[in-house]
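Q: One structure is given below, represented as structure tokens, and several questions about it will come after.
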Amino acid sequence: MKRICVYLGSNPGNRPEYRQAAVALGRELAERGIGVVYGGSSVGLMGRLADAALEAGGEVVGVIPELLVQKEIAHEGLTDIHVVTSMHQRKKRMADLSDGFIALPGGIGTLEEFFEVLTWNQLGYHAKPCGLLDVNGYYKCMADHFDRMVDEGFLMSEHRSMVLTSDTPADLLDKFAAYEPPVVEKWIERKKGL
Ligand code: AMP
């Protein structure tokens, strides 16, 4: 894996564990020689991840829309920064540059971006690993909800298992390295022959 895209809060969150996890993931990626692709901001967990990866000698590529350059306070020390014209272009560019996708704790933006690449994965537009770094049980409710989607017939268990999850960066990255994409058709009705 050459680069992994990381989605995470533009806020720091209320617990030190979130910052510690962003730093730990940044370092772990750099130590494994894997570049970071992220939203290009210097604030919140986003900034902590970028600083940690850069300090550890890693490559960090930011992708940020013009409109957000000021608002999100673009990071000035990155290996490379792509200033794009729209959010859609940002998300596409981040996906194209990356060989896998990780969500750390974050808000609506983090989830929206992560869910988009998960959807693309489910439809077969890419076969790159997607995972959650579940710091302090932040994503437990979401994991439970994925299980509910399967129980209620809205998500295939094969697609459910595409969401790799761990509470440590090293273990999550080991799962990414061992990932084999499932070969499965998305449509539940067609699979059942209904
Ligand atoms: P948040 O998790 O809301 O703190 O946002 C994290 C990142 O997602 C930031 O870089 C935001 O620019 C981005 N973001 C915020 N809202 C959206 C959205 N509606 N769609 C895509 N990305 C967003």
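Q: With N residues in segment 3-192, what two-decimal value do you get for its Cα radius of gyration over 2.2 N^0.38 Å?
A: 1.00
Q: Which residue, L29, A103, G58, has the largest displacement toward the positive end of the dipole of the chain when charges sit on each Cβ (Lys, Arg +1; Asp, Glu -1)?
A: Comparing the listed Cα positions along the dipole, A103 ranks first.
Q: To continue, here is another question. For a quick check of understanding: with a 1.4 angstrom probe and all protein chains in place, what accessible area in square angstrom does M149 have, to the nearest ten?
A: 60 Å²
Q: Of all the accessible heavy-atom surface of segment 3-192, with the other protein chains kept in place and a 1.4 Å probe, what percent is carbon and sulfur?
A: Exposed carbon and sulfur together represent 51 percent of the surface.
Q: Can you work out the PRE-style zone for A56? Point 7 Å along Cα to Cβ, and I want the residues of segment 1-22 with backbone N under 11 Å.
A: Taking a point 7 Å out along Cα→Cβ of A56, the residues of segment 1-22 whose backbone N falls under 11 Å are 21-22.
Q: Please give me the summed charge of the neighbours of K128: other residues whose Cβ is under 11 Å from its Cβ, Lys and Arg +1, Asp and Glu -1.
A: -1
Q: Okay, next question. Give me the percent relative contact order of segment 3-192, please, defined on Cα pairs under 8 angstrom at least 6 residues apart.
A: This gives 21 percent for segment 3-192.
Q: Now a separate question. Taking only pairs that are 8 or more places apart or on different chains, how many Lys pairs in segment 51-187 have Cα atoms under 22 angstrom apart?
A: Lysine pair count for segment 51-187: 8.
Q: If you don't mind, another one. Of the options W120, M46, G9, report the single residue whose Cα projects farthest towards the positive end of the charge dipole of the chain (beta-carbon charges: Lys, Arg +1; Asp, Glu -1).
A: Checking the options against the dipole of the chain, the answer is W120.
Q: What span do the alpha-carbon atoms of segment 3-94 cover on each of the three principal axes, reported in whole Å from largest to smallest?
A: Per principal axis, max minus min of the Cα coordinates gives 32, 30, 20 Å.
Q: Compute the accessible area per residue over the chain, keeping the other protein chains in place, probe 1.4 Å, unit Å².
A: Per residue, the chain has an accessible area of 51 Å².
Q: Can you compute the charge dipole magnitude of the chain about its Cα centre, using +1 on each Lys and Arg Cβ and -1 on each Asp and Glu Cβ, nothing else charged? Give it in debye, rounded to the nearest 20.
A: Computed about the Cα centre, the dipole is about 320 debye.
Q: Put K2, K91 in order of accessible area, largest first, 1.4 Å probe: what do you get?
A: Sorted descending by solvent-accessible area, the residues read K2, K91.
Q: In the chain, what percentage of the DSSP-assigned beta bridges are antiparallel, given to the nearest 5?
A: 5 percent
The values are calculated or read from the model by the stated rules, or taken from the named source; none is laboratory data. Worth saying up front: this structure is predicted, and the values here are computed from it rather than measured. Cβ coordinates were reconstructed from backbone atoms using ideal geometry, including for glycine residues, and neighbour counts include every protein chain displayed. We work out accessible area using only protein heavy atoms, side chains counted, and drop any ligands, DNA or RNA first. Shrake-Rupley method; radii C 1.70, N 1.55, O 1.52, S 1.80 Å.
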